[in-house]
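Shown next, in structure tokens, is the structure this report addresses.
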């Protein structure tokens, strides 16, 4: 199956070719894949920052443990979650759901109340942890979409969130950085591309009960 070929092809790229850029069409495809990624209740409680400014990218390198991907990839995405969930966020989603289905928002009032009861009851720490899980689903979808387009990627947890918050002015935006995704094309000098993919055997991963 093609998806298996795609997943075997991709790897966490270490060195990128700075002369190659992702086409607008391909990047829009990846963005749409992220948009369509499943999330709990369908709420999509995350934002994705597209980092384009060269001076900002340079500042992010030391805040990324010296990893050069911030400054060498074609696209650099920072997945963020809000510092807290509000009832307004849930109401906004219900409005969208009603609009796309051409229905009265009042029809979803019970669903909205249920979500508020469950989500708003979470502590702030638990809510952020819960939203981070949704981000990782979207990240996985983005990685698969990129691989299908033969676009290289590097998911990155190796960064200092507080420094990212300062550089990207996340506090004012009410956001916190959760994970980073670098996208571009591998350099011929990246020796890690020749490594064989090391994974546990399927028989060791799955347990029949």
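The values are calculated or read from the model by the stated rules, or taken from the named source; none is laboratory data. Bear in mind that the values here come from a model prediction, so they are computed numbers and not experimental data. Cβ: placed from backbone, ideal geometry, glycine included. Neighbour counts: every protein chain shown.
A few comments on the model shown:
- Within the stretch 76-99, the presence of a residue that is buried (at least 19 other Cβ atoms within 10 Å of the Cβ), in a loop (DSSP other than H, G, I, E, B) and touching a strand residue (DSSP E or B) at 6+ places or on another chain (Cβ under 9 Å) is excluded.
- Search result, residues across the stretch 125-142 that are within 17 Å of residue 28 (Cβ to Cβ) and buried (at least 21 other Cβ atoms within 10 Å of the Cβ): 138, 142
- Residue match in the stretch 31-45 (condition: assigned to a loop (DSSP other than H, G, I, E, B) and more than 16 Å from the chain's Cα centre (by Cα)): no
- For the stretch 152-191, the set of residues classified as surrounded by fewer than 15 Cβ atoms within 10 Å (Cβ to Cβ), more than 17 Å from the chain's Cα centre (by Cα) and closer than 19 Å to residue 59 by Cβ consists of 162, 166, 169, 171, 172, 173, listed by residue number.
- Among the residues of the stretch 46-67, those that are exposed (fewer than 15 other Cβ atoms within 10 Å of the Cβ) and in a loop (DSSP other than H, G, I, E, B) comprise 52, 53, 65, 66.
- As for the stretch 17-25, it holds at least one residue that is in a loop (DSSP other than H, G, I, E, B), surrounded by 17 or more Cβ atoms within 10 Å (Cβ to Cβ), in the same structural domain as residue 162 (by TED's automatic domain parsing) and at pLDDT 95 or above.
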